[in-house]
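Structure first, then comments.
The values are calculated or read from the model by the stated rules, or taken from the named source; none is laboratory data. As the structure is a prediction and not an experimental result, all values here were calculated from the model. In this analysis, Cβ positions are derived from the backbone assuming ideal geometry, glycine residues included, and neighbour counts consider all displayed protein chains. Ligands, DNA and RNA are stripped out before the accessible areas are found, and what is left, the full protein with its side chains, is counted by its heavy atoms. Shrake-Rupley method; radii C 1.70, N 1.55, O 1.52, S 1.80 Å.
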Amino acid sequence: EDQVTQSPEALRLQEGESSSLNCSYTVSGLRGLFWYRQDPGKGPEFLFTLYSAGEEKEKERLKATLTKKESFLHITAPKPEDSATYLCAVQATFDTDKLIFGTGTRLQVFP
Amino acid sequence: DTAVSQTPKYLVTQMGNDKSIKCEQNLGHDTMYWYKQDSKKFLKIMFSYNNKELIINETVPNRFSPKSPDKAHLNLHINSLELGDSAVYFCASSHWETQYFGPGTRLLVL
């Protein structure tokens, strides 16, 4: 069964303290791995899509990487405005378009 | 210039009632989805439509019925609401793989 596990559940960082969020996945065939950011009371906001192992994508202080079993979202010198829940999802090659989500990592960055 | 919009934003209702949630996208996408996010923030697919045709129907009770009048709209009708239906419902749309989500409808069943 296709599955996504994210860790840690929650992460508290001091402003400027870099860290990484983990997304482990099991999928029959990976069509894409997606990272979203969700602020309280809002819908998930698309960040990145990764398609194959070794691929990396960056956006401001965020960098997403992908291996055959997991993805990392690296946050460099975070700011309080980076506080949000970060969701990881996979899309399987032979299973239509549905996204299978993990339960997310709730990130809090303190000044 | 809202991309994916949903109405209403909040919905408070009694058990047994019937309610509808509406979704519209102005992105020109062919595929639209409904997801449910439970109290633990877990997002799970319910339905998807491609150009008005039902593509995904995950194990959702028959009380939930999606309807797509055209490819820019996907509505969700829920009959005989139960306490366990309380959740946030998100609409999404996509052209290729990437899905873009609406702001959500917070449903509370009393």
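Tell me which residues, restricted to region B:77-106, are away from chain A (no Cβ under 11 Å) and part of a loop (DSSP other than H, G, I, E, B).
Across region B:77-106, the qualifying residues are B:ASN79, B:SER80, B:LEU81, B:GLU82, B:SER86.
It is to be established whether one or more residues within region A:28-45 are free of Cβ contacts under 8 Å to residues at least 60 places away in the same chain, in contact with a helix residue (DSSP H, G or I) (Cβ under 8 Å, 6 or more places away or on another chain) and closer than 19 Å to A:THR76 by Cα.
Of region A:28-45, the ones free of Cβ contacts under 8 Å to residues at least 60 places away in the same chain are A:32-33, A:35-37, A:39-45.
If we keep only those that are in contact with a helix residue (DSSP H, G or I) (Cβ under 8 Å, 6 or more places away or on another chain) too, we end up with none.
No, there is no match, as no residue in region A:28-45 is free of Cβ contacts under 8 Å to residues at least 60 places away in the same chain, in contact with a helix residue (DSSP H, G or I) (Cβ under 8 Å, 6 or more places away or on another chain) and closer than 19 Å to A:THR76 by Cα.
Restricting to strands (runs of 3 or more DSSP E) lying wholly in region A:25-111: which have 3 or more residues that are farther than 17 Å from B:TRP96 by Cβ and open to solvent by less than 40 Å² (accessible area, probe 1.4 Å)?
A:62-66, A:70-75, A:84-92, A:105-110
Collect the residues in region A:60-79 that are of a type outside the set (A, V, I, L, M, F, W, C) and over 18 Å from A:GLY104 (Cβ atoms), keeping them in residue-number order.
A:GLU60, A:ARG61, A:LYS63, A:THR65, A:THR67, A:LYS68, A:LYS69, A:THR76, A:LYS79
In the set B:TYR10, B:TYR33, which member is surrounded by 14 or more Cβ atoms within 10 Å (Cβ to Cβ) and either at pLDDT 95 or above or within 11 Å of another protein chain (Cβ to nearest Cβ) (or both)?
One residue alone meets the criteria, B:TYR33.
Counting just the residues of region A:38-96 that are within 14 Å of chain B (Cβ to nearest Cβ) and aromatic (Phe, Trp, Tyr), which one comes out nearest to the chain's Cα centre (by Cα)?
A:TYR86
Restricting to region B:85-110, name every residue that is loosely packed, with under 13 Cβ neighbours inside 10 Å and without any contact (Cβ under 8 Å) to a residue 24 or more places away in the chain.
Once the filter is applied, which keeps residues that are loosely packed, with under 13 Cβ neighbours inside 10 Å and without any contact (Cβ under 8 Å) to a residue 24 or more places away in the chain, region B:85-110 yields only B:TRP96.
How many of the residues in region B:56-65 are away from chain A (no Cβ under 11 Å) and open to solvent by 20 Å² or more (accessible area, probe 1.4 Å)?
So the answer is 6.
Report the residue count in region B:18-58 for those that are assigned to a loop (DSSP other than H, G, I, E, B) and free of Cβ contacts under 8 Å to residues at least 12 places away in the same chain.
Selection size over region B:18-58: 3.
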